[in-house]
Structure formats: structure tokens, C-alpha cells
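**Student:** Below is a structure I'd like to ask you about.
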Ligand code: ADP
Ligand code: ADP
């Protein structure tokens, strides 16, 4: 079944830039789809539209089969920069989305530790971001995104700033995570290698205006 569907979507910014035009994408439950394309082709804009952080100028973003009006609690978002709060320890950073949902630190504790163990950082709950490597900070970001048990994980070039070895390791861990959690992932990258290795489907985008020019199967098995 289709989880989220973008149909005939265009996005024109107030400065006149047309980021997307005639953009169509169906994200099916359980799949790992990569959006692959050069910088500036509109990949982040697609994620922001799915997340409801921006509105399309034309076309629709729909969630067939979802009873909710507000889809934010169904979405985990991982940004390129880990964006951790430096003054808060790892557990309190992971708490943030739960806190915004009204969960006290005490009520959130089990969820926080559960999320941290998914990324292998259960022993680092009391550590501060400055004590962690780049890869570990990214794992904390992923744990934070997973803390609300989202149906859909949106990832915007999450590993682009990491060295290759860390990146390959996190690629493997992400595949395992998706296999264990059966969540749906939309993954933005400009790496052909990464998209092929990780995804069951690759949507290739071209810029000006951003649209999908081809879809190909990735190496990872689909749902
Ligand atoms: P990508 O993620 O593929 O690098 P983006 O979605 O970030 O691409 O951007 C697509 C195009 O839209 C680019 O030309 C970018 O400069 C432009 N753009 C993105 N956000 C804004 C904005 N808030 N205002 C104006 N132009 C924007
Ligand atoms: P990552 O790929 O997560 O960045 P690194 O290999 O870069 O991991 O980690 C840097 C250092 O941090 C490692 O040498 C290791 O000592 C420590 N480290 C990373 N993850 C863990 C973990 N889950 N448990 C204990 N130590 C870890």
C-alpha cells in the first residue's frame, strides 16, 4: 500500500525559484527509496513537503489510508548536520521529540534507552555531544528520530559529512535497522553508490525544475 503520495507537485519560492515542477512520487509502505540527484535539484524540498514543513504551490501531498490529519508524529526527520543541543546529554537530546509530545523525562526514559540501543549507544546516555565522534552524533540523531516510533523516516544526506569508513559502517547499520523495524525510509543522497547499496528503489532527479527523470531498482530487497 501507498504510505504517502506526491502528485503533480510544484514548488515555487517567493524569490521566483521553481524548485519542483510536475513532481510525482508514491512511497510504498516498507520500502527504502532513495532520491538521487545533484545539489539544488530539489531533494530537500521534497522531504520538507512530505514532512509538512512546506506547502506545495500546486499539486497534492496525500496520505492514503491514514486516519490522521496531522502526520508529524508519523515522521522522523534526520538532517545532514546532527543538530544536537550541546548543553544537553545524549538522553535529553533523544527526549526532545517525546517532550514536545508531552512526555516527562521519567515517562520517556524507557523509550529513550530503547532508541539508543537501536543504534548501539545505550551506554552513552549520560555523555555530552562534544564527547562523541561524528558517527556517534549521527547515531544519536537517528535515535532521536526513531524515538516516536515513526512509520516514515526521512533522511537528508545524513552521512555526507562523515569519513568513508564511518559512512560505510552506518550504511550497514541503517540497513539492519530498517530490516528490524520494518519502517519506510526516504533517503536523500547525491551518492550513486549509497543509493544503490541502501535502497530497494532509486528515483533519479534532474534540476531546473526538479523532477524525476528515471526510476531504477536498487540492490536492497524491497518490501
Ligand atoms: P537539494 O536538496 O537537491 O540540494 P533543495 O531542495 O535544497 O535542493 O533546493 C532546490 C532549489 O530551490 C535550489 O535551487 C535552491 O536554491 C532553491 N531553494 C531551496 N529553498 C529555498 C527557499 N527557502 N527560498 C528560495 N529558494 C530555495
Ligand atoms: P562511529 O562509526 O559510530 O563514529 P567510531 O568508530 O568513529 O564510531 O567511534 C569512535 C570511537 O568511539 C571508537 O574508537 C570507540 O572507542 C568509540 N565508540 C563508538 N561507538 C561505540 C559504542 N557503541 N560503544 C563503545 N564505544 C564506542
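Residue-wise test of (1) closer than 30 Å to residue 21 by Cβ; (2) surrounded by fewer than 20 Cβ atoms within 10 Å (Cβ to Cβ).
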position	(1), (2)
49	yes, no
52	yes, yes
62	yes, yes
81	yes, yes
116	no, no
123	no, yes
131	no, yes
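**Student:** Regarding segment 126-146, can at least one residue be identified that is in contact with a helix residue (DSSP H, G or I) (Cβ under 8 Å, 6 or more places away or on another chain), within 16 Å of ligand 1 (Cβ to nearest atom) and farther than 27 Å from residue 70 by Cα?
**Tutor:** No, every residue in segment 126-146 fails to be in contact with a helix residue (DSSP H, G or I) (Cβ under 8 Å, 6 or more places away or on another chain), within 16 Å of ligand 1 (Cβ to nearest atom) and farther than 27 Å from residue 70 by Cα.
**Student:** Inspect segment 51-71 for any residue being out of contact with any strand residue (DSSP E or B) (no Cβ under 8 Å at 6 or more places or on another chain) and over 30 Å from residue 8 (Cβ atoms) and give the result as yes or no.
**Tutor:** The answer is no, given that none of the residues of segment 51-71 is out of contact with any strand residue (DSSP E or B) (no Cβ under 8 Å at 6 or more places or on another chain) and over 30 Å from residue 8 (Cβ atoms).
**Student:** I'd like the full set of residues that are touching a residue at least 40 places away in the same chain (Cβ under 8 Å) and under 19 Å from the mean Cα position of the chain (by Cα), limited to segment 90-119. Talk me through it step by step, then tell me what you get.
**Tutor:** As a first pass, look at segment 90-119 and keep what is touching a residue at least 40 places away in the same chain (Cβ under 8 Å): 90, 93-98, 101, 118-119.
93, 94, 95, 96, 97, 98, 118, 119 - these are the residues of segment 90-119 that are touching a residue at least 40 places away in the same chain (Cβ under 8 Å) and under 19 Å from the mean Cα position of the chain (by Cα).
**Student:** Go through the residues of segment 49-62 one by one and say whether even a single one is near ligand 1 (Cβ under 10 Å from one of its atoms) and within 13 Å of the chain's Cα centre (by Cα). Full working, then the answer.
**Tutor:** The initial filter retains those residues of segment 49-62 that are near ligand 1 (Cβ under 10 Å from one of its atoms), namely 49, 54.
If we keep only those that are within 13 Å of the chain's Cα centre (by Cα) too, we end up with 49.
The answer is yes; a qualifying residue exists.
**Student:** Residues in segment 205-221: is at least one more than 23 Å from residue 19 (Cβ to Cβ), crowded, with 16+ Cβ neighbours inside 10 Å, touching a residue at least 24 places away in the same chain (Cβ under 8 Å) and out of contact with any strand residue (DSSP E or B) (no Cβ under 7 Å at 6 or more places or on another chain)?
**Tutor:** Checked against the condition, which is being more than 23 Å from residue 19 (Cβ to Cβ), crowded, with 16+ Cβ neighbours inside 10 Å, touching a residue at least 24 places away in the same chain (Cβ under 8 Å) and out of contact with any strand residue (DSSP E or B) (no Cβ under 7 Å at 6 or more places or on another chain), segment 205-221 yields no hits at all.
**Student:** Further question: For segment 144-197, give me the residue count where each residue is surrounded by 22 or more Cβ atoms within 10 Å (Cβ to Cβ), part of a loop (DSSP other than H, G, I, E, B) and away from ligand 2 (no atom under 16 Å from the Cβ).
**Tutor:** 1
**Student:** To continue, here is another question. Given the criterion surrounded by 13 or more Cβ atoms within 10 Å (Cβ to Cβ) and under 20 Å from residue 214 (Cα atoms), identify the matching residue among 4, 94, 12. Write out each step before concluding.
**Tutor:** Working: 94 fails: under 20 Å from residue 214 (Cα atoms); 12 fails: under 20 Å from residue 214 (Cα atoms).
Among 4, 94, 12, only 4 is surrounded by 13 or more Cβ atoms within 10 Å (Cβ to Cβ) and under 20 Å from residue 214 (Cα atoms).
Every number in this text was worked out from the coordinates using simple rules, so none of it is lab data. All values reported here derive from a predicted model rather than from experimental measurement. Note that each Cβ is placed from the backbone with ideal geometry, even for glycine, and that neighbours are counted across all protein chains shown.
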